[in-house]
1. Taking 0.36 nm per intervening residue step and subtracting the Cα-Cα distance, what contour gain separates ALA44 from GLN154 on full extension?
2. Using a 10 Å cut-off on Cβ atoms, rank the peptides 78-87, 134-143, 189-198 from the highest mean neighbour count down.
3. If I stretch the segment between SER108 and PHE34 completely, what's the gain in nm (0.36 nm per residue apart, minus their alpha carbon distance), one decimal?
4. Can you give the FRET efficiency to the nearest 0.05 for SER94 and GLU66, using r as the Cβ-Cβ distance and R₀ = 35 Å?
5. Which order do peptides 178-187, 60-69 fall in by mean Cβ count within 10 Å, highest first?
6. Can you give me the relative contact order of segment 53-197 as a percent, contacts being Cα pairs under 8 Å and 6 or more apart?
7. Can you work out the FRET efficiency for the pair ARG203 and THR144, with r the C-beta to C-beta distance and R0 = 41 Å, to the nearest 0.05?
8. Could you give the length gained by full extension between SER58 and SER132, i.e. 0.36 nm per residue of separation minus their alpha carbon distance, to one decimal place?
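The values are calculated or read from the model by the stated rules, or taken from the named source; none is laboratory data. Everything quoted here is computed from the prediction, not taken from an experiment. Here the Cβ positions follow ideal geometry from the backbone for every residue, glycine too, while neighbour counts run over all protein chains shown. Surface areas here come from the heavy atoms of the whole protein model, side chains and all, with no ligands, DNA or RNA. Shrake-Rupley method; radii C 1.70, N 1.55, O 1.52, S 1.80 Å.
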Amino acid sequence: MKNLKFLTLLALISCSTDPEDQFCKNYNSNEEEFAPIQIVENFAFSVNFPESITVYTSRVEFDGVEGAEAQHEGIDYINNDRDATDVPIYTIGSGTVVYARTGCVSSSQFASNTLQRECGAGWGNHLVIQHSRSVFSRYAHLRTDGVLKAVGEQVEKNEIIGIMGNSGRSDMRHLHLEIGKSVTPFRSCASSQSFESVTDPRRFGL
Ligand SMILES: [Zn+2]
C-alpha cells in the first residue's frame with residue numbers, strides 16, 4: 001500500500017513536469033523546424049460563409065488530391081497594397097485558440113522574406129483554432145507583432161485575431177489559411193505541429 005502511494009505520487013510528479021502536459025499561452029521561438037506535409041482529405045465541417053477572412057488583392061488556391069500529400073495546404077490571401085499598413089485577419093468560425101506561435105522575424109513585408117524562413121515550420125508566426133473535437137483552422141505568416149490571441153482564448157466567428165505579415169516561408173505579405181483535421185491534441189509548449197489531414201477551404205465557401 002505504501003509503495004502504491006509512492007508510485008502514484010511519482011506518477012503525478014512526472015506528469016506535471018512533462019513539457020507536453022504544460023500549458024503555454026504561446027510558443028515564443030525563432031527555431032526553424034520541420035513539420036510533416038499534410039494529407040488531403042474531404043471531410044465535413046459545418047461552417048457558414050464568413051463575411052470576410054481578410055482584405056486581399058489576389059489569392060492562390062489550395063492544391064492537392066485526396067489521399068496524397070497536399071501540394072499547397074491552404075489558400076493564400078495576398079495583400080500588396082502598401083497603403084494598407086495593418087491588414088486584419090478574421091476567424092472563419094467560433095472556437096478556442098490551441099496554439100500560438102510567436103518569435104519569427106521577417107526581412108520585409110512586400111518582398112521575399114530572407115530571415116528564418118523555416119521558423120514555425122515555414123508557417124512563421126501563426127495561430128491554430130479548434131472549432132470542434134477534431135476540426136481546426138490555421139492562420140499563418142502573421143506579422144511579428146501580429147499574433148493578437150493566446151492559447152486558451154475563446155474566439156467568435158469574424159473576430160480579428162491577427163495582422164497579416166510575411167514571416168516564415170513567404171514571398172509577399174499574405175495570409176495562408178488551412179482547414180485541418182486532427183485527433184491528437186495540440187501541444188501549446190512545443191514546436192509547430194501539422195494537422196493529420198487538410199481540406200480545400202473553398203469547400204466551405206472561402
Ligand atoms: Zn500558402
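1. 37.4 nm
2. 134-143, 189-198, 78-87
3. Difference between extended and current length: 24.4 nm.
4. The calculated FRET efficiency here is 0.80.
5. 178-187, 60-69
6. 28 percent
7. Efficiency computed from Cβ-Cβ geometry: 0.80.
8. This chain segment gains 23.7 nm when fully extended.
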